[in-house]
Amino acid sequence: MIGKVISGRYQIIQALGNGGFGETFLAEDLQLPDHQKCVVKRLQPTSSDTFVLEIASRLFETEARVLHKLGSHDRIPRLLAHFEEDHQFYLVQELIDGYELTNEIISIERAADGYPVGRMNESQAIAFLIDVLETLVFVHQQGAIHRDIKPANLMRRRTDGKLVLIDFGAVKQVGTAVVSAIGSTVAIGTDGYMPNEQAIGKPRPCSDLYAVGAISVQGLTGVAPNLLSENLETGELAWRTSPSHAALKYRANVSDELATIIDKLVKYDFRDRYQSAEVVLTDLRKLAPPIAPTILSTTVQANFQGLVTAFNPNDDVATAVSSKVSAMDHRRLSYKNPLMMISVGIVSAIAVMGIVMWFWLRPSPTSKNELNISAGLPSPKYLFLSERAIGDQDLANKSAFELDIMRNEVFARYGRRFKDPELQSYFNMQPWYKPIYEPDKFPEDLLTTTEIKNVQYLRDFQDRFDRNSNTLQSNPSNISNSLCDYTKRLISDPNPPINVREDAGVDFAIVGTLDNGTQITVQSEKQGWLKISAPIAGWVAANRTKPICL
C-alpha cells in the first residue's frame, strides 16, 4: 500500500497499525496545498460473497454518516471522506497532532515498598474524567457508542492539551457485520476496558462509561485494569487496594467521594452503573475543583530543563514526576461558625482591596490581556510574583510541580500559550487565563523588571533541587553531588525496546529500536521528544528515558 494513491487523491505514505478488521495508514492529500496529512482507514472484507459485500456496504454508509456528524465536535476527528474502491471500504479522517494517553498513564516507578506508583493524583483523575465525559455527552446524544475507549484511543492534542477521542467503532462495526453474515460473532473492545455486556456483543452507552472509569483506575493505581483483582464476595473490581489473595499488590490514594463515583462507573452489572455521562459530570463537579488538572510529565521531561542556563521568556517548564508530587489539599472550609464567617469576610475584603491596589500601582503592560477581576473571576494564585522580590522563604516546602506553575503563571497572566500540552492544559483550566500569544511570538517587554527577576530567581532555586529526592538541598555546596548529565541518558521503557523515529512524534517513520540500559547522546528537545545522535540518529520519547546522575 505504501506509495499507492486511492480515490485519485490520497497517497499512502506510512502504515500506522492494523487490527482484525482493517488497517490504518498515514496519507497525504494530493489535492490540498502542502499535501496536508490525514489518516486513512481501510476495511478489507474477508469474504467476497456478493451478499456479504452488500451488507457491509450499507452498514459502512450508515456508520460514515454517524462519523460525519460526530466530527462536528471539537474533540473528535473530522471525517474528510469515505468511499469504496475495489471492494474495499475507506475512511479518511483528520490527523490529530498529539500523542496517546498511553504515554502519560503507564506506571514507570515503584514505591519503596514495591507498590506501583500511579501517574494520576486525585485532582488529575477528576480532570481526566471531566475532559472525556464532556465529549461522551455529545457522542451519546447522537445515538452513538464508541465501543473501544482506552488510553491508545485518547490523544493529547498538542495545541491545547485537550483529550481527543479517536478510532470510533465504525470500521469494526462493518467488520462484525461481515463476520456475522458468515455465521460467527465477535465483540468490539479491548480486554480490561470492556465490560461484560459489551463482551457478548451488546454494548450500551454505559459501556463507554465503564471504560472511562477503568482508565481512571489505571491512572490512580499504576496497574492496567485487566490485571486488577476482583472482590471474591461481590465480583466487583477491588481497585482501591489489592486484596490478600492478589498476586499483584497495588493501592490507590483517593478520597471516599471520588472512589464512590469510580465504583459506580465500573460496576459489573450495567444496571447498577451510571446510565449517562451528564449524571457523572454532575457528581464530579460537586467535588472540590482540581488544582493540577493534567497528568504530570516524567522526571525526564522536568530535568531536561537543566540544559537551559539563561532566562528566556519563551522557554516552557515541564512538570515534575507525578509519583513524587503529593496531591494538593482540597479541604473545604466550614462556615457553620459565625465568627469564622466574619473573619473570612474581613480577610476577603482585604484581599480584594489588595488586588485592586496591585492593578492600580503596577506598571501597565502593553498587552490588553488584563485579568477580569471585576467580573468576579478567581485571580491567579501567585500575584505576589509581580509585586515584590521573592526569597527562599516564599518557595520553601513547595513541590517541583508548584514551582513550575509559579514560574509559568507570570507568562500565562499576559496571555502566553505553551508548547508543553500538559502545561497548556493546566492554564486552560484557570478561569482568568486568556491566551493571546504563541510561544515563539510572546513579547518579552511585557514583563516588569520585578517579574523578570523573580522568574530568574525561581529558575535558580529549582536548580538547587535534589532531582532524586525532590527536596531542596540544605547545603548548596553539596549540590554538585546530585548533578546529572542531561546530554547523556539511558533508555528506560516499561515495554522495551523503544522506537527511534525520523522526527518528533509517533506519526514519523521508525528508523530503529533501542533496548533498556542503552546510553544515548541528546542534542535537543522538542515537545516531549529528544533528538539523539548516538547510537542511532533520530528522535525518542523523552518519558521513556532517564538521566545519568552522579
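The values are calculated or read from the model by the stated rules, or taken from the named source; none is laboratory data. This is a predicted model, so every value here is computed, not measured. Virtual Cβ from ideal backbone geometry, glycine too; neighbours counted across all protein chains shown.
Yes or no: segment 36-49 includes at least one residue that is among the basic types (K, R) and either in the same structural domain as G161 (by TED's automatic domain parsing) or touching a Phe, Trp or Tyr at 6+ places or on another chain (Cβ under 8 Å) (or both).
Taking segment 36-49 as the starting set, the residues that turn out to be among the basic types (K, R) are 37, 41-42.
Still in the list and also either in the same structural domain as G161 (by TED's automatic domain parsing) or touching a Phe, Trp or Tyr at 6+ places or on another chain (Cβ under 8 Å) (or both): 41-42.
Within segment 36-49, one or more residues are among the basic types (K, R) and either in the same structural domain as G161 (by TED's automatic domain parsing) or touching a Phe, Trp or Tyr at 6+ places or on another chain (Cβ under 8 Å) (or both).
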For R42, state whether it is surrounded by 13 or more Cβ atoms within 10 Å (Cβ to Cβ) and at pLDDT below 90.
yes
Kindly check whether there is at least one residue in segment 223-246 that is surrounded by fewer than 20 Cβ atoms within 10 Å (Cβ to Cβ), among the aliphatic types (A, V, I, L, M) and closer than 15 Å to D131 by Cα.
no
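Could you list, in sequence order, the residues of segment 368-408 that are among the small types (G, A, S), within 30 Å of the chain's Cα centre (by Cα) and at pLDDT below 50?
Taking segment 368-408 first, the residues among the small types (G, A, S) are 374-376, 379, 386, 389, 391, 396, 399-400.
Then drop every residue that is not within 30 Å of the chain's Cα centre (by Cα), which leaves 376, 379, 396, 399-400.
Once the filter is applied, which keeps residues that are among the small types (G, A, S), within 30 Å of the chain's Cα centre (by Cα) and at pLDDT below 50, segment 368-408 yields only G376.
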Whichever residue in segment 84-97 is at pLDDT below 90 and in contact with a helix residue (DSSP H, G or I) (Cβ under 9 Å, 6 or more places away or on another chain) and, among such residues, is nearest to T221 (Cα to Cα)
F89
Given the conditions (1) touching a residue at least 60 places away in the same chain (Cβ under 8 Å); (2) farther than 30 Å from D493 by Cα; (3) surrounded by fewer than 16 Cβ atoms within 10 Å (Cβ to Cβ), and given that A111 satisfies all but one, which numbered condition is not satisfied?
(2)
Pairs with Cβ under 7 Å, 6+ apart, first in segment 143-163 and under 17 Å from D74 (Cα atoms), second crowded, with 21+ Cβ neighbours inside 10 Å and of a type in the set (F, W, Y):
H146/F168; M155/Y99; R156/Y99
Which condition number does Q473 fail, the rest of (1) touching a helix residue (DSSP H, G or I) at 6+ places or on another chain (Cβ under 9 Å); (2) in the same structural domain as A534 (by TED's automatic domain parsing); (3) modelled with pLDDT under 85 being met?
(2)
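Just to be sure before I move on: is K453 at pLDDT 80 or above, of a type outside the set (A, V, I, L, M), under 30 Å from N103 (Cα atoms) and out of contact with any His (no Cβ under 6 Å at 6 or more places or on another chain) in the structure I sent?
Details: at pLDDT 80 or above: yes; of a type outside the set (A, V, I, L, M): yes; under 30 Å from N103 (Cα atoms): no; out of contact with any His (no Cβ under 6 Å at 6 or more places or on another chain): yes.
No; evaluated as a whole, the condition is false for this residue.
Here is a check on your reading of the model: is I491 modelled with pLDDT of 85 or more, surrounded by fewer than 19 Cβ atoms within 10 Å (Cβ to Cβ), within 24 Å of N103 (Cα to Cα) and assigned by TED's automatic domain parsing to the domain that holds A541? Can you show your working first?
Numbers: modelled with pLDDT of 85 or more: yes; surrounded by fewer than 19 Cβ atoms within 10 Å (Cβ to Cβ): no; within 24 Å of N103 (Cα to Cα): yes; assigned by TED's automatic domain parsing to the domain that holds A541: yes.
For I491, the condition - modelled with pLDDT of 85 or more, surrounded by fewer than 19 Cβ atoms within 10 Å (Cβ to Cβ), within 24 Å of N103 (Cα to Cα) and assigned by TED's automatic domain parsing to the domain that holds A541 - is not met.
Would it be correct to say that A81 is buried (at least 16 other Cβ atoms within 10 Å of the Cβ), at pLDDT 90 or above and under 22 Å from the mean Cα position of the chain (by Cα)? Full working, then the answer.
Details: buried (at least 16 other Cβ atoms within 10 Å of the Cβ): yes; at pLDDT 90 or above: yes; under 22 Å from the mean Cα position of the chain (by Cα): no.
It is false that A81 is buried (at least 16 other Cβ atoms within 10 Å of the Cβ), at pLDDT 90 or above and under 22 Å from the mean Cα position of the chain (by Cα).
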Can you name the condition, by its number, that E104 falls short on among (1) acidic (D, E); (2) touching a residue at least 40 places away in the same chain (Cβ under 8 Å); (3) surrounded by fewer than 21 Cβ atoms within 10 Å (Cβ to Cβ)?
(3)
Does segment 404-427 contain any residue that is closer than 15 Å to Y382 by Cβ, of a type in the set (G, A, S) and part of a helix (DSSP H, G or I)?
yes
If I ask for residues that are surrounded by 16 or more Cβ atoms within 10 Å (Cβ to Cβ) and charged (D, E, K, R), which ones from segment 506-522 would you list?
D507
Can you pull out the residues in segment 493-548 that are of a type in the set (G, A, S) and closer than 22 Å to R158 by Cα?
A504, G505, A509, S524, G528, G538, A541, A542
First in segment 421-441 and buried (at least 19 other Cβ atoms within 10 Å of the Cβ) and of a type in the set (S, T, Y), second anywhere and in a loop (DSSP other than H, G, I, E, B) and at pLDDT 85 or above, Cβ under 6 Å, 6 or more apart:
S425/G161
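Name the residue, out of V300, V254, V279, that is of a type in the set (A, V, I, L, M), at pLDDT 85 or above and either crowded, with 22+ Cβ neighbours inside 10 Å or part of a loop (DSSP other than H, G, I, E, B) (or both).
Numbers: V300 fails: at pLDDT 85 or above; V279 fails: either crowded, with 22+ Cβ neighbours inside 10 Å or part of a loop (DSSP other than H, G, I, E, B) (or both).
When all the criteria are applied, what remains is V254.
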